Amino acid sequence: MENEIISEVLTAKSFETDQDVRWCPGCGDYSILKQVQTVLPTLGLRREEIVFISGIGCSSRFPYYMETYGMHSIHGRATAVASGLKATRPELSVWIITGDGDSMSIGGNHLIHLLRRNLDVNILLFNNEIYGLTKGQYSPTSEQGKVTKSTPMGSIDHPFNPAALCLGADSTFVARSMDRDPVHLRTILKRANDHKGTSLVEIYQNCNVFNDGAFEVFTEKAQKGDNTIFVEHGKPLIFANGTKGIVLEGFTPKVVDVNENSTENLWIHDETDRVKASILSRFFDDPKLGEALPRPFGVFYIEERPRYEDQMTKQILDATQAKGLGDLDKLIAGNNTWLVS
Amino acid sequence: MQRGGPSTGLPTKTEQADLFQAMYGRNGEAPVAVIAAYSPTDCFDTTFEACRLAVEHMTPVFMLSDGYIANGTEPWKFPKAESLPEIIPTFATAEDKADGKFLPYKRNEKLARKWAVPGVKGLEHRVGGLEKENETGNISYDPENHELMVRLRAEKIEKIADYIPLQTVDNGNPTGKVAIVGWGGTYGSIKAAVKECREEGLDVSHIHIKYLNPFPKNLGELLYGFDKIIVPEINRGQLVSLLRDKYLVPAIGYNKVQGSPFSIGELKTRIKQEFTS
C-alpha cells in the first residue's frame with residue numbers, strides 16, 4: 001500500500017464537510033476541529049482510510065464535520081464501536097471523539113477496557129467540565145462545590161482526574177492539551193497519531209455558554225504562566241517564564257525558585273517513567289486555593305505495549321499454522337458424532 | 001435466550017416473555033425483524049436465517065430462543081457448509097455515486113441501504129443516531145422528512161415478508177374447527193398434544209410461527225380458516241396480542257408462567273375443552 005501514489009493532495013479544506021457546524025459561536029470545539037483538519041493532511045493517510053467515531057454530546061457531533069468515514073454512535077460507546085472496527089480492520093486510522101460526560105460517566109467502563117486492551121486508536125477527550133448539550137448540569141469532571149442547574153447548592157461529587165484515571169487503567173499514551181493553544185494541540189495530535197497503541201488526549205475545552213472560563217487560569221496569558229507547566233521529554237520542569245521549577249523530594253513534588261537551584265536538580269521529564277507520570281498526573285490542585293502545583297500539559301506517559309489487533313492477528317495466524325485452515329464441516333461435526341440411520 | 005423474568009428472575013427456567021421487548025423495546029417507532037427457533041435442531045437454521053436477514057436487509061434481527069430449547073437435546077443431522085445458501089451483502093462501489101455524490105441513505109428494492117465500508121475511496125459518509133434526510137443522509141429536523149423516514153424504516157421491515165417462506169400448517173388441515181398457534185420452545189408439547197388429539201378424531205391443527213416480525217404474508221388468511229384459535233404461551237399472552245392486533249381474530253390465550261414447559265396432558269385437556277361444550 002505504501003508504494004502506491006496518493007493522487008489526491010489533501011489539505012485542511014479536504015476534510016471539511018458541507019454541513020453547518022452547530023456548535024455555539026465561541027465554542028472551544030471549533031479550534032479543536034480546525035487543528036484536527038490541519039494535522040490530518042500531514043499524516044500521510046488517505047481520506048477513505050480515516051474513521052471518526054463519537055458518542056453523544058456536543059463534542060460528538062464532530063464526525064459530521066469531517067469529510068471522512070464517520071459514525072455518531074451511542075452514548076459512551078464510541079470506544080466499543082471503535083474497538084470492533086479496529087480489531088477487524090487494523091489498517092484503518094480510527095479516531096474516537098468523546099467528552100467528559102460521554103467518556104467519564106456513561107462510557108467510563110468502555111473507556112478503561114479499551115485502554116487496557118491497547119488497540120491502536122486515538123481518543124480525543126474534549127473536557128469542558130460540564131454537560132453542555134443538555135444545557136449546563138455538572139459532569140464527572142466538574143469541581144466539587146460547583147453550582148449548576150442540577151446542583152443549586154454546589155456539587156458534592158468528587159471529580160474524576162481523567163489523566164490519573166487513564167494512567168490507572170494502564171493507558172499506553174496519556175497527554176493533555178488545550179483548545180486555546182493550537183500549536184501545542186497540533187503537536188500532541190501528531191504524537192498521538194504516531195503512538196502505536198491507544199492514545200488518550202485530554203483537551204481542555206472552553207464551554208463559553210455553560211462553563212465559561214473554567215480553564216482560563218491555565219489558558220489566558222495573564223495567569224497561565226504561574227498555573228501552567230508544559231512538559232517535554234528530557235527537559236526540566238520549568239514554568240512561570242523560567243523563574244520556577246519543580247524538584248522531587250522523594251515522591252513529593254515541590255515548587256522551587258530556579259535562580260536558587262541549578263537546573264540539574266530539577267525534575268527532568270521522562271515520558272517513559274510510569275511512577276513520575278503518575279505523580280505528574282496528580283498535579284491537580286485547584287489554582288484558586290493557592291500553593292497549587294502548576295497544571296501540566298504535554299505528553300505525560302508513553303509505553304510500548306503489544307497492540308490488541310496485532311495479538312489477535314497473530315493468534316489467528318498461529319492457530320492456522322498449528323492446525324491448518326478452519327473447516328466448518330469438521331468444526332460442526334466435532335470428534336464425537338455419529339449417523340442415526 | 002428467554003428465561004423466567006424479570007431481571008435475573010428464574011435462571012435456567014424457561015419463559016417466552018421477551019417477545020414484546022423484541023417487538024417494541026426501542027426509542028421511537030423503529031421496528032426490527034424478529035424470528036424464533038422452535039427446537040434445538042432448528043437453532044442452527046434460525047441463526048443462519050437471522051444473519052441472512054440482517055445482512056441482506058440491513059437491519060438488526062432478534063433471534064429468540066428459550067430455556068426449554070437451550071436445555072433440550074435431539075439428534076441433528078448437520079448440513080455441509082457447501083449446502084448452505086449464500087448470504088449476499090450488497091456493497092456500495094464508486095459506481096453508486098450520482099453526479100459525483102454518494103447517497104448513503106439511498107435504498108434498494110428491499111428498502112435496504114447498501115453497505116459502504118470504510119476504505120472505499122469516494123464513499124466517505126457519516127451515519128449516526130440523529131435523524132437523517134432521505135437519500136443524502138444529512139442531519140435533518142424537517143418534520144415531513146422525519147415522518148417519511150419513520151415510515152421507510154417500518155416498510156423496510158414489512159418488505160422482508162416478500163423474502164421469507166409462507167406459513168405452513170405443521171399438522172392437520174389448513175382450515176377447520178380449532179387451530180393451536182404456537183411459537184418457540186412449546187413446539188414439541190403442542191406437536192405431541194395435537195397429534196394425540198387428532199388420533200382421537202378431533203379436528204385440530206397445529207401452526208407454529210417462526211417469523212414473528214414481519215409475519216408471513218399468508219398468516220392472516222390461514223387464521224381466518226379456523227373457527228377457534230388457541231395460542232398457548234409461557235407468558236401472560238404476547239403472541240396472542242400480536243395476532244389479535246394485526247388480524248382482528250378472536251384468538252384465545254392459554255397461558256402458564258411457572259418456569260416450566262406445558263405438559264402434553266395440560267394441552268390435550270385444553271384442546272378437548274373446545275370439543276366438549
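Hey, any hits in the range B:20-41 for a residue that's crowded, with 20+ Cβ neighbours inside 10 Å, among the aromatic types (Phe, Trp, Tyr) and touching a strand residue (DSSP E or B) at 6+ places or on another chain (Cβ under 6 Å)? Yes, some residue in the range B:20-41 is crowded, with 20+ Cβ neighbours inside 10 Å, among the aromatic types (Phe, Trp, Tyr) and touching a strand residue (DSSP E or B) at 6+ places or on another chain (Cβ under 6 Å).
Give the residue, chosen from B:Lys101, B:Lys97, B:Lys110, B:Lys106, that is more than 30 Å from A:Ile332 (Cβ to Cβ), more than 8 Å from every other protein chain (Cβ to nearest Cβ) and surrounded by 15 or more Cβ atoms within 10 Å (Cβ to Cβ). Spell out the reasoning first.
Working: B:Lys101 fails: surrounded by 15 or more Cβ atoms within 10 Å (Cβ to Cβ); B:Lys97 fails: surrounded by 15 or more Cβ atoms within 10 Å (Cβ to Cβ); B:Lys110 fails: more than 30 Å from A:Ile332 (Cβ to Cβ).
Result: B:Lys106 is the single residue among B:Lys101, B:Lys97, B:Lys110, B:Lys106 that is more than 30 Å from A:Ile332 (Cβ to Cβ), more than 8 Å from every other protein chain (Cβ to nearest Cβ) and surrounded by 15 or more Cβ atoms within 10 Å (Cβ to Cβ).
Given the criteria away from chain B (no Cβ under 14 Å), in contact (Cβ under 8 Å) with a residue 60 or more places away in the chain and within 18 Å of A:Tyr308 (Cα to Cα), does A:Ile130 qualify? So A:Ile130 fails the test. Hey, does the range B:132-141 have a residue that's away from every other protein chain (no Cβ under 11 Å), hydrophobic (A, V, I, L, M, F, W, C) and surrounded by 15 or more Cβ atoms within 10 Å (Cβ to Cβ)? No, there is no match, as no residue in the range B:132-141 is away from every other protein chain (no Cβ under 11 Å), hydrophobic (A, V, I, L, M, F, W, C) and surrounded by 15 or more Cβ atoms within 10 Å (Cβ to Cβ).
Within the set B:Pro85, B:Pro75, the sole residue that is touching a Phe, Trp or Tyr at 6+ places or on another chain (Cβ under 9 Å) and surrounded by fewer than 13 Cβ atoms within 10 Å (Cβ to Cβ) turns out to be B:Pro85. Among the residues making up the range A:130-140, those that are surrounded by fewer than 24 Cβ atoms within 10 Å (Cβ to Cβ) and part of a loop (DSSP other than H, G, I, E, B) are A:Leu133, A:Thr134, A:Lys135, A:Gly136, A:Pro140. Residues in the range A:34-51 that are assigned to a helix (DSSP H, G or I), of a type in the set (Lys, Arg) and at the interface with another protein chain (Cβ under 9 Å from one of its Cβ atoms): A:Arg47 alone.
In summary, A:Ser83 fulfils each of the numbered conditions (1) surrounded by fewer than 24 Cβ atoms within 10 Å (Cβ to Cβ); (2) over 12 Å from A:Pro162 (Cβ atoms); (3) touching a Pro at 6+ places or on another chain (Cβ under 9 Å); (4) not basic (Lys, Arg) with the single exception of condition (3).
Within the range A:237-264, the set of residues being surrounded by 14 or more Cβ atoms within 10 Å (Cβ to Cβ) and of a type in the set (S, T, N, Q) comprises A:Asn261 only. Tell me whether the range A:59-77 contains one or more residues that are touching a Ser or Thr at 6+ places or on another chain (Cβ under 6 Å) and closer than 16 Å to A:Leu200 by Cβ. No, the range A:59-77 has no match at all. Within the range B:116-128, the presence of a residue that is among the acidic types (Asp, Glu), within 14 Å of chain A (Cβ to nearest Cβ), surrounded by fewer than 19 Cβ atoms within 10 Å (Cβ to Cβ) and touching a helix residue (DSSP H, G or I) at 6+ places or on another chain (Cβ under 8 Å) is excluded.
Let's see how each residue does on (1) of a type in the set (Asp, Glu); (2) in the same structural domain as A:Asp226 (by TED's automatic domain parsing); (3) not in a loop (DSSP other than H, G, I, E, B):
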site	(1), (2), (3)
A:Ile279	no, yes, yes
A:Arg305	no, yes, no
A:Ala319	no, no, yes
A:Asn336	no, no, no
A:Ser341	no, no, no
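Does B:Met63 satisfy being surrounded by 12 or more Cβ atoms within 10 Å (Cβ to Cβ), touching a helix residue (DSSP H, G or I) at 6+ places or on another chain (Cβ under 6 Å) and not assigned by TED's automatic domain parsing to the domain that holds B:Ile209? Yes: the conditions hold for B:Met63. Within the range A:90-101, is even one residue at pLDDT 95 or above, within 29 Å of A:Phe160 (Cα to Cα) and surrounded by fewer than 23 Cβ atoms within 10 Å (Cβ to Cβ)? Among the residues of the range A:90-101, at least one is at pLDDT 95 or above, within 29 Å of A:Phe160 (Cα to Cα) and surrounded by fewer than 23 Cβ atoms within 10 Å (Cβ to Cβ), which makes the answer yes. Evaluate the range B:144-160: report whether one residue or more is part of a loop (DSSP other than H, G, I, E, B), within 23 Å of A:Arg22 (Cβ to Cβ) and at pLDDT 95 or above. Scanning the range B:144-160 turns up no residue that is part of a loop (DSSP other than H, G, I, E, B), within 23 Å of A:Arg22 (Cβ to Cβ) and at pLDDT 95 or above.
Condition check for A:His75 on (1) within 10 Å of chain B (Cβ to nearest Cβ); (2) under 21 Å from A:Thr134 (Cβ atoms); (3) crowded, with 20+ Cβ neighbours inside 10 Å: one failure, at (3).
Would you mind finding the one in A:Gly99, A:Gly28, A:Gly84 that is within 14 Å of chain B (Cβ to nearest Cβ) and out of contact with any Cys (no Cβ under 6 Å at 6 or more places or on another chain)?
Just one listed residue meets the conditions, A:Gly84.
Summed over the range A:308-341, residues that are more than 9 Å from chain B (Cβ to nearest Cβ) and more than 20 Å from B:Glu74 (Cα to Cα) total 19. Evaluating A:Glu291 against the criteria (1) surrounded by 11 or more Cβ atoms within 10 Å (Cβ to Cβ); (2) without any contact (Cβ under 8 Å) to a residue 24 or more places away in the chain; (3) closer than 30 Å to A:Arg180 by Cα leaves one unmet condition, (1).
Would you check if B:Gly188 is on the phi > 0 side of the Ramachandran plot and either within 21 Å of the chain's Cα centre (by Cα) or modelled with pLDDT under 95 (or both)? Spelling it out, it is not the case that B:Gly188 is on the phi > 0 side of the Ramachandran plot and either within 21 Å of the chain's Cα centre (by Cα) or modelled with pLDDT under 95 (or both).
Taking the conditions exactly as written (away from every other protein chain (no Cβ under 14 Å) and modelled with pLDDT under 95), does A:Lys288 satisfy them or not? For A:Lys288, the condition - away from every other protein chain (no Cβ under 14 Å) and modelled with pLDDT under 95 - is met.
Of all residues in the range A:52-61, those being at the interface with another protein chain (Cβ under 10 Å from one of its Cβ atoms), surrounded by 24 or more Cβ atoms within 10 Å (Cβ to Cβ) and not in a loop (DSSP other than H, G, I, E, B) number 4. Touching a residue at least 60 places away in the same chain (Cβ under 8 Å) and over 19 Å from A:Tyr131 (Cα atoms): does that describe A:Gln35? So A:Gln35 passes the test.
The values are calculated or read from the model by the stated rules, or taken from the named source; none is laboratory data. Since we're looking at a predicted model, the values are computed, not measured. Backbone-built Cβ (ideal geometry, glycine too); neighbour counts: all protein chains shown.
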